[in-house]
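The values are calculated or read from the model by the stated rules, or taken from the named source; none is laboratory data. Here the structure is a predicted model, which is why all the values come from computation and not from measurement. Cβ: placed from backbone, ideal geometry, glycine included. Neighbour counts: every protein chain shown.
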Amino acid sequence: MTRKVLCIVGTRPEAIKMAPVIKALQAEEHIVCRVLATAQHRGLLDQVLEGFAITADLDLDIMRPHQSLTALTSRLLVELDGVLQAEQPDVVLAQGDTTTVMSAALACFYLQIPFGHVEAGLRTGDLCNPFPEEANRVIAGKLTRWHFAPTQHAVDNLLREGVAASDITLTGNTVIDALLMTAAQDSALGIQLDPGKRLVLVTSHRRENFGEPFQHICQALKRLAECNPDIQILYPVHPNPNVKDVAYQLLGLTPNIILCAPLDYAPFITAMKRSYLIISDSGGIQEEAPALGKPVLVLREETERPEAVDLGVVKLVGANPDTIVEQAQRLLDDPQAYQGMARGVSPYGDGKAAARIVDVLRQYFQSCA
Ligand code: UD1
Ligand code: UDP
C-alpha cells in the first residue's frame, strides 16, 4: 500500500534542511512524497529548491513585503487547512522553528494528521530569544508525533519536557546531509575576490537584532574592514528590508566590503570553504561551519546550538561593536587562537539524518499495514 508524506517548506533554511529528506523519501518505493511550498520566503525559497532540483507540487505563495507575524500566521493557517484537507496526507513533515513550521504543526493538530518535526528539541529556555523562533519550536514540539532530534542535547531537552523516549529519534542534523551533498563539488562563486586578502564571510538577519543592534553590527564590520586592509568582507545580504536597507546604507561605500544578493546554496558553501572566518547570526551556519573547519563568531547573546560553543569552535559575541571587533581581531592576529577554533569538528551529524528519518516512517507505515 502506498502512503503519502507531505513535506512543508517555507523559508531558505527549511528548504536546505528538508532537501535531503525529500530526496530520500522520493527514493522510497511505497511512499509518495509531495512537497508543499508555503513560500513564506519567495526568492530565497525558490533559489534553494531550484539548486536541489526539487519542484514544489503545491505553492501557497504566502510572502508579502514587510509581512507581520500575525498576518503571516493567519494566512498560513487558513491556506494550510484547505490544502491539508484536499491532500489528506498520511504524515506531514516540517523542519525547524519558523512561522511556517509552527503553523503546519497546528494545522495538522486541528485535522489530527500525524506531524513529524525535523530538528526537534532545540531550546534556549527563553521564550523571547530568539524571537519568535523559541516559541515556534516549543509550540510545534507540543503537537509533534515524531521528534527527529539532531543531537543528544536536543534529545535531553525533549525528555526534560516530558516527551516519551519512544517518540524521539536521534538523527543528526539534516543540514550535514545537505552540506555533504553539496560541498563535494566546488561550485563557482561568481564574485571576483582578491586572492591576496583573507575572506571574512558575514550574514545577519535575526529579528532580535533589528534596529540599534544591527546598526552596531554594521559599525563593527566597517571598523574591522577599515583597520584591516588585508581582509575582504563578503556579505550576502538577506532581503528582509529591516536588514537590506540598513546594510547597504551603512556598508555600501567601504572599499573592502562586498555586499551582494543572497548566494545560491552551492556558491555559498564555496564561499564558506574559501573563508578565513565567518561572522553570522544564522542557525544553519553555526552547524555547517564547524564541519568545514571554519570559526564562527555568532552575533547573538545565546544559542540553542551549544554543542559547537562547548567544543570551542563557535563563539557568541552578541551585537556589541567593541566585542565583535576585539574577537574578530584576535582571530585575525593570533594564529594559536585561530587554530583552536578551526579544528574541523562536527557535533551536528554524520550525513545520514535523512535516512534515519525515513527509517522511522517506514517502520510506522509497516506497523499500520
Ligand atoms: C524567517 C524566519 C526565521 C529564519 C529566517 C531564515 C520566521 C518568523 N522567521 O525570517 O526564523 O531564521 O526566515 O532566513 O519564521 N523577503 C523577501 N524575499 C525573500 C524572503 C524574505 O523579500 O525571499 C522579505 C519580505 O519583505 C518579507 C521579509 O523579508 O516580508 C521577512 O520575511 P520573514 O520570513 O517574515 O522573516 P525573516 O526575517 O526572513
Ligand atoms: N545560505 C545560502 N546563501 C546565502 C546565505 C546563507 O545558501 O547567501 C545558507 C547557509 O549555508 C545555511 C542557510 O542558508 O544553510 C541559513 O539560512 P538563514 O541564515 O537564512 O537562516 P537560519 O539558519 O538562521 O534559520
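Given the criterion among the small types (Gly, Ala, Ser), within 16 Å of ligand 2 (Cβ to nearest atom), surrounded by fewer than 19 Cβ atoms within 10 Å (Cβ to Cβ) and under 18 Å from the mean Cα position of the chain (by Cα), identify the matching residue among ALA271, ALA308, ALA291, ALA266.
ALA266
Touching a Gly at 6+ places or on another chain (Cβ under 7 Å), at pLDDT 95 or above, within 25 Å of ALA94 (Cβ to Cβ) and not in a helix (DSSP H, G or I) - does that describe any residue in the stretch 293-310?
Yes: one or more hits.
Quick check on the stretch 63-84. Is at least one of its residues within 15 Å of ligand 2 (Cβ to nearest atom) and more than 16 Å from the chain's Cα centre (by Cα)? Can you show your working first?
Here is the first cut: in the stretch 63-84, the ones within 15 Å of ligand 2 (Cβ to nearest atom) are 63.
With more than 16 Å from the chain's Cα centre (by Cα) added as a condition, the list becomes 63.
Within the stretch 63-84, one or more residues are within 15 Å of ligand 2 (Cβ to nearest atom) and more than 16 Å from the chain's Cα centre (by Cα).
Return the total of residues in the stretch 100-121 being within 16 Å of ligand 1 (Cβ to nearest atom) and within 20 Å of the chain's Cα centre (by Cα).
So the answer is 10.
Check every one of the helices (runs of 4 or more DSSP H) wholly within the stretch 318-369 and list those with 3 or more residues that are more than 30 Å from ALA149 (Cα to Cα).
Helices (runs of 4 or more DSSP H) meeting the threshold: 321-333, 335-341.
For the list (1) modelled with pLDDT of 95 or more; (2) touching a strand residue (DSSP E or B) at 6+ places or on another chain (Cβ under 8 Å); (3) crowded, with 16+ Cβ neighbours inside 10 Å; (4) closer than 30 Å to PRO65 by Cβ, I need the number of the one condition that CYS218 fails.
So CYS218 meets the others, but not (2).
For the stretch 51-73, which positions are within 13 Å of ligand 1 (Cβ to nearest atom) and not in a loop (DSSP other than H, G, I, E, B)?
Hits for the stretch 51-73 are LEU69, THR70, ALA71, LEU72, THR73.
Collect the residues in the stretch 81-96 that are touching a residue at least 60 places away in the same chain (Cβ under 8 Å) and more than 26 Å from ASN173 (Cα to Cα), keeping them in residue-number order.
Correct list: LEU84, GLU87, GLN88.
Criterion first (touching a strand residue (DSSP E or B) at 6+ places or on another chain (Cβ under 6 Å), within 16 Å of ligand 1 (Cβ to nearest atom), within 29 Å of GLY340 (Cβ to Cβ) and not polar (S, T, N, Q)) does TYR235 satisfy it?
yes
Scan the stretch 74-94 for residues that are in a strand (DSSP E or B) and away from ligand 1 (no atom under 12 Å from the Cβ) and report the count.
3
So which of ALA319, ALA353, ALA289, ALA342 ends up being at pLDDT 95 or above, small (Gly, Ala, Ser) and over 28 Å from PRO20 (Cβ atoms)? Quick ask: steps written out before the conclusion?
Details: ALA353 fails: over 28 Å from PRO20 (Cβ atoms); ALA289 fails: over 28 Å from PRO20 (Cβ atoms); ALA342 fails: over 28 Å from PRO20 (Cβ atoms).
Exactly one residue qualifies, and that residue is ALA319.
When only residues in the stretch 258-292 that are without any contact (Cβ under 8 Å) to a residue 40 or more places away in the chain, part of a helix (DSSP H, G or I) and within 13 Å of ligand 1 (Cβ to nearest atom) count, which is farthest from ARG12 (Cα to Cα)?
GLN286
Taking the conditions exactly as written (buried (at least 16 other Cβ atoms within 10 Å of the Cβ), within 13 Å of ligand 1 (Cβ to nearest atom) and among the charged types (D, E, K, R)), does ASP97 satisfy them or not?
Yes.
Taking the condition of being within 23 Å of the chain's Cα centre (by Cα) and part of a helix (DSSP H, G or I), how many residues in the stretch 230-257 meet it?
7
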